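Worksheet: one structure, shown below.
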Amino acid sequence: MKNLLLIVICFFSIGQLEAQNDAPISFSLSYFGESVIHPGLKIGIEKPFYTKEKVKKRWLAKRQERLGAKVSKSQLIWGANVGFYNHPNNNTGLFLNGELSWKKTKMRKGSMFGAGLGIGYLHQFHNIDTYRLNNGQLEKVSAAGQAMMTSSFSLLYGRDLSVRHNSPFSWYVKPSFMIQFPYHHSTGINAALELGVKYKLSKGVKSK
């Protein structure tokens, strides 16, 4: 619980600092597959705090004349997420995490590539009856489970529909790898797959 409180405080502090930035905020909703096949849902919010556009001339003169220069946008992004998953006959997980990510968007078709690092809190609730020995008698444990910290590395591919279709939506595929600790008195390694959409607000939020 102390670890969860610390994470929430860190998210709030960073959010207050980023309120000075008028970059647009995006909300995301995704299928979250723990070990890919165990279904769940993830909701997130993100906001860029650094953006840089790059213009590069094409090698072939004919393509340069027909398509123009290559334009791409690179961003550093802070985000926060909350979600759950269900692993049948094993556990149901509730999680909260924060991410620092890099994303590059090609401004001709809107193709997106990215990578990110995250840290968070995960609580697993056992989906099977759990018992403990109490004075020589078996006693059923209610809401049995385990709390742990997580760190993650993720990759991203998708398409920003605002580039060509003037739409606030984008879609993405995001595989991730997680380290969980402590995990049964040790360290666990897991993977997940996200399939999601993002909605970008037209204007950033400015502090008064």
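The values are calculated or read from the model by the stated rules, or taken from the named source; none is laboratory data. Just so you know, these numbers come straight off a predicted model, no measurement behind them. With ideal geometry, Cβ positions are generated from the backbone for all residues, glycine too; neighbour counts draw on all protein chains shown.
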Subject >> Identity of the residue in segment 25-39, at pLDDT 95 or above and hydroxyl-bearing (Ser, Thr, Tyr), that ends up farthest from Pro88 (Cα to Cα) >> reply: Ser26
Original post:
What are the residues in segment 87-123 that are touching a Lys or Arg at 6+ places or on another chain (Cβ under 8 Å), farther than 19 Å from Ile43 by Cα and crowded, with 19+ Cβ neighbours inside 10 Å, if any?
Top reply: Thr105, Met112
**OP:** From (1) of a type in the set (Ser, Thr, Tyr); (2) at pLDDT below 95; (3) farther than 17 Å from Gly116 by Cβ; (4) in a strand (DSSP E or B), pick out the condition that doesn't hold for Thr51.
**Re:** (3)
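Per-residue answers, yes or no, for (1) in contact (Cβ under 8 Å) with a residue 24 or more places away in the chain; (2) closer than 30 Å to Phe169 by Cβ:
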residue: Arg58; (1), (2): no, yes
residue: Ser72; (1), (2): yes, yes
residue: Val82; (1), (2): yes, yes
residue: Asn86; (1), (2): yes, yes
residue: Thr92; (1), (2): yes, yes
residue: Arg108; (1), (2): yes, yes
residue: Gly116; (1), (2): yes, yes
residue: Leu122; (1), (2): yes, yes
residue: Ala143; (1), (2): no, no
**OP:** Could you tell me whether Phe181 is farther than 16 Å from Trp102 by Cα, of a type in the set (A, V, I, L, M, F, W, C), surrounded by fewer than 16 Cβ atoms within 10 Å (Cβ to Cβ) and over 14 Å from the mean Cα position of the chain (by Cα)?
**Re:** yes
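Condition check ((1) modelled with pLDDT under 80; (2) among the hydroxyl-bearing types (Ser, Thr, Tyr); (3) within 14 Å of the chain's Cα centre (by Cα)) across all residues:
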residue: Lys106; (1), (2), (3): no, no, no
residue: Gly114; (1), (2), (3): no, no, yes
residue: His123; (1), (2), (3): no, no, no
residue: Asp129; (1), (2), (3): yes, no, no
residue: Arg132; (1), (2), (3): yes, no, no
residue: Met148; (1), (2), (3): no, no, no
residue: Leu161; (1), (2), (3): no, no, no
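Here is a yes/no grid of residues against (1) β-branched (Val, Ile, Thr); (2) part of a strand (DSSP E or B); (3) surrounded by 13 or more Cβ atoms within 10 Å (Cβ to Cβ):
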residue: Met148; (1), (2), (3): no, yes, yes
residue: Phe153; (1), (2), (3): no, yes, yes
residue: Arg159; (1), (2), (3): no, yes, yes
residue: Arg164; (1), (2), (3): no, no, no
residue: Tyr172; (1), (2), (3): no, yes, yes
residue: Thr187; (1), (2), (3): yes, yes, no
residue: Asn190; (1), (2), (3): no, yes, yes
residue: Gly196; (1), (2), (3): no, yes, yes
residue: Ser202; (1), (2), (3): no, yes, no
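Being part of a strand (DSSP E or B), under 26 Å from Val197 (Cβ atoms), modelled with pLDDT of 90 or more and not small (Gly, Ala, Ser), is that true of even one residue in segment 7-24?
no
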Original post:
Would segment 76-86 turn up any residue that is surrounded by fewer than 16 Cβ atoms within 10 Å (Cβ to Cβ), over 27 Å from Gln124 (Cα atoms) and at pLDDT 95 or above?
Top reply: yes
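Which of the residues belonging to segment 124-145 are over 29 Å from Tyr85 (Cα atoms) and either in a loop (DSSP other than H, G, I, E, B) or in contact with a Leu (Cβ under 6 Å, 6 or more places away or on another chain) (or both)?
Asn135, Gly136
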Original post:
Quick check: anything in segment 40-48 of a type in the set (Gly, Ala, Ser), at pLDDT 55 or above and outside any strand (DSSP E or B)?
Top reply: no
